[in-house]
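One structure is given here, and the rest of the page talks about it.
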Amino acid sequence: MQIIVEGWRFIYHSYCVANQFQLLEMMNRPRGQIELFHRDMPYIDAAWETKISLFDRPNEALLRSIPSPALNQSADVTLRMHCPWDFSASSSAETWVFAATEWGIITRSVLDAIGVRSIVQTPVNSQVKIITPSAWSKAGLIRSGVEADRIAVVPLGVDPQIYYPATGDRRQWLRDNFGWSNYFIFLNIGGQTDRKGIRPLLKAFAAVVDKYPHARLVLKGSELLYPSRDEIAEACRVVLDDAERARVLPRLIYTGTQLSFAQVAELYQAADVYVSPYLAEGFNLPVLEAVACGLLVICTAGGPTDDFTRSDFALRIESKFTAVVVEGETLFMLAPEWEHLTDLMQSAIEQPEIAANARVAGPAFVAEHFSWRCGVDRLFEVIGGHKKSEEISIFEPIIL
């Protein structure tokens, strides 16, 4: 099979992360199975250019070794992994576009970037097809007018060579190195925007540290892509009173530094619990990465993480499916209950056996079902035209 991938590489944007790991897994396949080409597409913002290598040297070299296709080169499949989404026909036999919806619909800002008022004004229901990473995201596409049979769910994955539990001595060394040895560490990674749940997280943490002052909240943002420090400051101002801010701010640890994938994995390996009270996500890959590293995860119920979390390594926050109107546009989100989040965070401290069980169950589950090998197997079933009906049924969305 000949595949032309048009996408982003070498930054930490979610589309780029998925593209890079998929490319590496494709290159691991037996010689002759696929012939791979890659065309680099411009970033939305030229300032996104990263200054560090996200991979080790061998994988970085592999990614850079993929040949570029000729201008009008044809193939069996063209797969697009970038924004704005491009639904124009390609020169290949089939064209697939990776597209994720966070807010339960395709938002007006996304449509504006494509240059249409509605997704049905694109070729998506006649020629081009969509790959999306979760049942939640598929439901949002359907709600926006995409025909269900034009969409295939292909979940994201993790590389078990990077994301795995650290041994006892290695984990203790990491905690000592980070200055975390005497604390209970809650970790969250990603752009610290409202839809990621920074406000309910801060509110719940304020209640947790009132009872457990040795708790710490570590937030890893990405100043290159999203100004997370400002978002955190605004959230503290809005949701916390003076007494809560006095408790939280000395126990809040933030970094927006660019890190490699291996360095991010060390944060997971050294933490105690990963917490993600998100409002709107297309997949939420950091939750899956945390599970692979042996962390107990606390995440919003009802969203895309339902696809890949189980009760033996995850605690789900009660949430309410909610329609909100923002500047005249109706968006759909999950409203996590911060009081329940508080209870779950306290339970994680009070019942260490929950985390101990997750340390075994989580990595085993991910290795069997959600490695990048599994994801690319699924991708090939989809673009190769021989889908497994039983796998499709696992990810069928509920349209609300």
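The values are calculated or read from the model by the stated rules, or taken from the named source; none is laboratory data. Just so you know, these numbers come straight off a predicted model, no measurement behind them. Backbone-built Cβ (ideal geometry, glycine too); neighbour counts: all protein chains shown.
For residue 13, all conditions in the list (1) surrounded by 17 or more Cβ atoms within 10 Å (Cβ to Cβ); (2) at pLDDT 95 or above hold save one; what is the number of the exception? It fails just one condition, (2).
Need the failing condition index for residue 196 against (1) closer than 26 Å to residue 358 by Cα; (2) outside the structural domain of residue 265 (by TED's automatic domain parsing); (3) of a type in the set (Lys, Arg), just the number. With respect to (1) closer than 26 Å to residue 358 by Cα; (2) outside the structural domain of residue 265 (by TED's automatic domain parsing); (3) of a type in the set (Lys, Arg), residue 196 is out only on (2). Considering the range 21-51, the residues that are part of a loop (DSSP other than H, G, I, E, B) and surrounded by 13 or more Cβ atoms within 10 Å (Cβ to Cβ) include one that is modelled with the lowest pLDDT, namely 50. On the stretch given as the range 139-186, residues that are small (Gly, Ala, Ser), under 24 Å from residue 365 (Cβ atoms) and in a helix (DSSP H, G or I) total 2.
Contact annotation: residue pairs with Cβ atoms under 6 Å, 6 or more positions apart or on different chains, pairing a residue in the range 241-267 that is in the same structural domain as residue 178 (by TED's automatic domain parsing) with a partner that is of a type in the set (Ser, Thr, Tyr) and at pLDDT 95 or above, are 265/163.
Considering the range 1-29, the residues that are among the β-branched types (Val, Ile, Thr) and over 16 Å from the mean Cα position of the chain (by Cα) include one that is nearest to residue 381 (Cα to Cα), namely 3. The listed residues are 288, 315, 331, and the only one of them that is under 18 Å from residue 369 (Cβ atoms) and either of a type outside the set (A, V, I, L, M, F, W, C) or not in a loop (DSSP other than H, G, I, E, B) (or both) turns out to be 288.
Out of 102, 60, 94, which single residue is without any contact (Cβ under 8 Å) to a residue 12 or more places away in the chain and either surrounded by 13 or more Cβ atoms within 10 Å (Cβ to Cβ) or of a type in the set (Val, Ile, Thr) (or both)? It is 60. Among the residues of the range 307-363, which ones are on the phi > 0 side of the Ramachandran plot and either out of contact with any helix residue (DSSP H, G or I) (no Cβ under 9 Å at 6 or more places or on another chain) or of a type in the set (Lys, Arg) (or both)? Listed by number, the list is empty, since nothing qualifies.
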